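Report on the structure given below.
The values are calculated or read from the model by the stated rules, or taken from the named source; none is laboratory data. Only a predicted model underlies this, so the values are computations on that prediction, with no experimental measurement involved. For neighbour counting, all protein chains shown are included, and Cβ atoms are generated from backbone atoms with ideal geometry for every residue, glycine included. Side chains included, ligands, DNA and RNA excluded: accessible areas come from the protein's heavy atoms. Shrake-Rupley method; radii C 1.70, N 1.55, O 1.52, S 1.80 Å.
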Amino acid sequence: MADEKIPYTQYLQADGSVVGNLPEFAEDQELVLALYRHMNRARRFDTKAVAMQRTGRLPTFPPALGQEAFHVGFASAMSADDILFPTYRDGPAQMVRGVQLEELLLFTAGDERGSDFQVPRCDFPQAIPIATQTAHAVGAAYAMKLRGEKSVAVTTIGDGGSSKGDFYEAMNFAGVWQAPVIFLINNNGWAISTPRDRQSAAPTLAQKGDAVGVPGQQVDGNDVLAVYHVVSEAIAAARSGKGPALIEALTHRLTDHSTADDASRYRDADLLSEQWKEEPMIRLRTYLSNQGWWGKEDEESMLTELDQEIERAVENFEASDAPEAAAMFDYMYAELPADLMAQRAEVIAAHGHEGDGS
Amino acid sequence: MTEVTLVQAVSMALARAMEEDENVVLLGEDVGVNGGVFRATKGLQKKFGSERVIDTPLAEAAIAGVAVGMAAQGLRPVAEFQFMGFSYPGLDQIICHASRLRNRTRGRLSCPIVYRAPYGGGIHGPEHHSESTEALYAHIPGLRVVIPSSPVRAYGLLLAAIRDPDPVIFLEPKRIYRAVKQDVEDDGEALPLDLCFTLRDGDDVTLVTWGAAVKETLAAAETLDSRYDIDAAVIDVATLTPLDMDTILASVEKTGRCVIVHEAPSTGGFGAEIAARLAERGLLSLLSPIERVTGYDVVPPGARTEHRYLINEDRIIAAARRAVFFPEAPTEQDHTMEDA
Ligand SMILES: Cc1ncc(C[n+]2csc(CCOP(=O)(O)OP(=O)(O)O)c2C)c(N)n1
Ligand SMILES: [Mg+2]
């Protein structure tokens, strides 16, 4: 998919061997181990959430299986003051940003409190109407620039979403305003059943920036070091006033679109097993053990810790009461309008006041 | 005759229309290879080829807009929005062009398009997957808004919509996509647009509804009869616009009472239009105030508390009894169903 005019970055190949000169941070053991841990945390949580959906304990869930390097790489490159405008696929990135597992479970369960996460307070909730979040990021970036702040807005979109007008329009604004915003495309090859080549005749999605003066590049989205590196550089440039950037990460969606989907209806099984060979975790583990930073025992104790954390979150989530009946009215406006009071009283009369799960 | 669900009846009608008329084409996200996320177009691409069953890029504005160009060129596009909540990027094209191309060109060009979308709540969907915004479309002159509430009506009304010379917004109540099976004869017979369906005759109160709420309304009518000896008529509006007010007025003339039931929020909902017309033309037959049983004026709550928002049989029964007892309050306590 690479194109001569579009830069492409990769450091870790599928077998864990290194190409080119690694950036300096790759020697930072603590940082790289943190990336690895985040990726594992994401995958364990994902697996748990899918299992919960299968047993009727959660509604539809969109796994990020296979795309952990993308999510963890870019989210780790952001600083706390930057702002994320995510999609439904970005739970793992939100986890890196500080959103709690329990909050993600609440969101998935259709409990609005899951979008009132305690950290990071300025990040947007997951956008479900595709591509709409890209304009929000540009608006926020404009505001930050206007106030002379050094923060950067980061927004994600899928290969499918990149076909929507909102995406071009948002990038165009960002280009004109030289707004500090990073557009990240998670090109996982599919928009539900629609393959990448039915989405656009352009050889790369990164070149979509060209038409609006936003520099585009591609990165191996299965290589967390590469993702972390290119996103860090783009953020640093935007922070120093150099304007927006577009980065297309090439990933594979290694499972169904969501738990409501069955990819075997439209995806070739052989293709999937080929793609598993490029999976992002194994290559990083190989790198870690080649560095002498990671062994079997480290792996085992990390997984045990992660699973314990996840179990605790699930327990807390399942023990939580449903929101109060009146809550559906109480956040519609800053103050409850008189016209809504009768409806609110009717709901309380029918369902009680307390969040008792009824 | 085959026993089919509502969503299967949609597929049957689409297949029938495509067989009959080579100008009928389907387009939308995931409608082809995947057969639609609800399987409404299952098997159709295999049968009719990828040129007539088109998997589009992800862009609802373009889906709505290319349908206008196709239609003006003599094709009969049936465009799918994957969910009603994702139809809004198409509004520009639908409001500014599809609904008015005939009028703008004094009939020279027209838009025989069907825009299909699953709509309504009750499936534990994520945010934006439970919209009931039919009133937005009903407000646009030049469109037909058609909503089937059974497999038989899905088949007959969809065929009628595809054959109709003007644009139709065809909203499929996904909560009852698979709720019941009915014998549907694949005979190519359309049902009439622009007419209400009287599902039950009654002398005491007229229940007016559409979409998935037909299910609870019919159940309420049964309970009103068996438990309270109240004889309720049930009217499925089916085509919201242009509205068949005569059928509703005729029933209310007989019963003197009307309860309008819809899942969408109350304010500016299509029930308000029906109530206004009753006030204009039927005021003197009314023995009690018009009742509305609707969604509340809030964002549909997420899956965890959605059941508190969705209308239920109890609310319909209570409203019907208030109407029947007016000006007294119903004496016996309303029975309450187990809270879901
Ligand atoms: C405007 C809009 N249209 C349709 C949908 C339904 N939908 C949800 S995800 C999806 C595919 C998105 O694919 P892509 O952008 O590649 O992201 P991915 O799911 O692969 O991460 C579709 C069509 C939606 N959420 N919003
Ligand atoms: Mg994708």
Odd one out for B:Lys47, checked against (1) open to solvent by 10 Å² or more (accessible area, probe 1.4 Å); (2) away from chain A (no Cβ under 12 Å); (3) in a loop (DSSP other than H, G, I, E, B): (3)
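What tally of residues in the stretch A:148-207 results from selecting those that are hydrophobic (A, V, I, L, M, F, W, C), away from chain B (no Cβ under 14 Å), within 20 Å of the chain's Cα centre (by Cα) and farther than 19 Å from A:Leu65 by Cβ?
Restricting attention to the stretch A:148-207, the residues satisfying the condition of being hydrophobic (A, V, I, L, M, F, W, C) are A:152-154, A:157, A:167, A:170-171, A:173-174, A:176-177, A:179, A:181-185, A:190-192, A:201-202, A:205-206.
Cutting the leftovers down to away from chain B (no Cβ under 14 Å) gives us A:152-154, A:171, A:173-174, A:176-177, A:179, A:181-184, A:206.
Subset that is within 20 Å of the chain's Cα centre (by Cα): A:152-154, A:171, A:181-184, A:206.
Pick out the ones that are also farther than 19 Å from A:Leu65 by Cβ and you get A:152-154, A:171, A:181-183, A:206.
The number of residues fulfilling the criteria is 8.
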Test: A:Leu336 is over 30 Å from A:Asp15 (Cβ atoms), assigned to a loop (DSSP other than H, G, I, E, B) and free of Cβ contacts under 8 Å to residues at least 24 places away in the same chain: yes
All positions within the stretch A:131-143 that are in contact with a strand residue (DSSP E or B) (Cβ under 7 Å, 6 or more places away or on another chain) and not polar (S, T, N, Q): A:Ala131, A:His136, A:Ala137, A:Val138, A:Ala140, A:Ala141
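Just one of A:Thr134, A:Thr204 is at pLDDT 95 or above and not in a loop (DSSP other than H, G, I, E, B); which is it? Let's see the steps before the verdict.
Working: A:Thr204 fails: not in a loop (DSSP other than H, G, I, E, B).
After ruling out the rest, the residue left standing is A:Thr134.
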The stretch B:131-152: number of residues that are in a loop (DSSP other than H, G, I, E, B), touching a strand residue (DSSP E or B) at 6+ places or on another chain (Cβ under 9 Å) and open to solvent by 20 Å² or more (accessible area, probe 1.4 Å): 5
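Looking at A:Gln275, A:Gln217, can you tell me which residue is in a helix (DSSP H, G or I), open to solvent by 10 Å² or more (accessible area, probe 1.4 Å) and touching a residue at least 60 places away in the same chain (Cβ under 8 Å)?
On the way: A:Gln217 fails: in a helix (DSSP H, G or I).
On inspection, the qualifying residue turns out to be A:Gln275.
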So A:Ile235, is it surrounded by fewer than 24 Cβ atoms within 10 Å (Cβ to Cβ) and more than 13 Å from ligand 1 (Cβ to nearest atom): yes
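So if I check each of B:Gly69, B:Gly85, B:Gly90, which one is over 22 Å from the mean Cα position of the chain (by Cα) and either more than 16 Å from ligand 1 (Cβ to nearest atom) or assigned to a helix (DSSP H, G or I) (or both)? Working first, answer last.
Working: B:Gly85 fails: over 22 Å from the mean Cα position of the chain (by Cα); B:Gly90 fails: over 22 Å from the mean Cα position of the chain (by Cα).
Checking each option against the conditions leaves just B:Gly69.
Conditions tested, residue by residue: (1) open to solvent by less than 60 Å² (accessible area, probe 1.4 Å); (2) facing chain B (nearest Cβ under 9 Å); (3) on the phi > 0 side of the Ramachandran plot; (4) not in a helix (DSSP H, G or I).
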| position | (1), (2), (3), (4) |
| --- | --- |
| A:Leu306 | yes, no, no, no |
| A:Glu309 | yes, no, no, no |
| A:Glu315 | no, no, no, no |
| A:Pro323 | yes, yes, no, yes |
| A:Met341 | no, no, no, no |
| A:Ala349 | no, no, no, no |
| A:His353 | no, no, no, yes |
Search result, residues across the stretch A:133-164 that are open to solvent by 10 Å² or more (accessible area, probe 1.4 Å) and within 20 Å of A:Phe74 (Cα to Cα): A:Ala135, A:His136, A:Ala140, A:Lys150, A:Ser151, A:Gly158
Every residue from the stretch A:157-172 that is more than 13 Å from ligand 2 (Cβ to nearest atom) and of a type in the set (Gly, Ala, Ser): A:Gly165, A:Ala170
Qualifying position, being buried (at least 20 other Cβ atoms within 10 Å of the Cβ) and away from chain A (no Cβ under 14 Å), among B:Ala17, B:Ala72: B:Ala17
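Condition check ((1) open to solvent by 20 Å² or more (accessible area, probe 1.4 Å); (2) farther than 17 Å from B:Ala323 by Cα; (3) free of Cβ contacts under 8 Å to residues at least 60 places away in the same chain) across all residues:
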position: B:Ile169; (1), (2), (3): no, yes, no
position: B:Val184; (1), (2), (3): no, yes, no
position: B:Asp194; (1), (2), (3): yes, yes, yes
position: B:Leu199; (1), (2), (3): yes, yes, yes
position: B:Asp204; (1), (2), (3): yes, no, no
position: B:Gly211; (1), (2), (3): no, yes, no
position: B:Val214; (1), (2), (3): no, yes, no
position: B:Thr217; (1), (2), (3): no, no, no
position: B:Ala232; (1), (2), (3): no, no, no
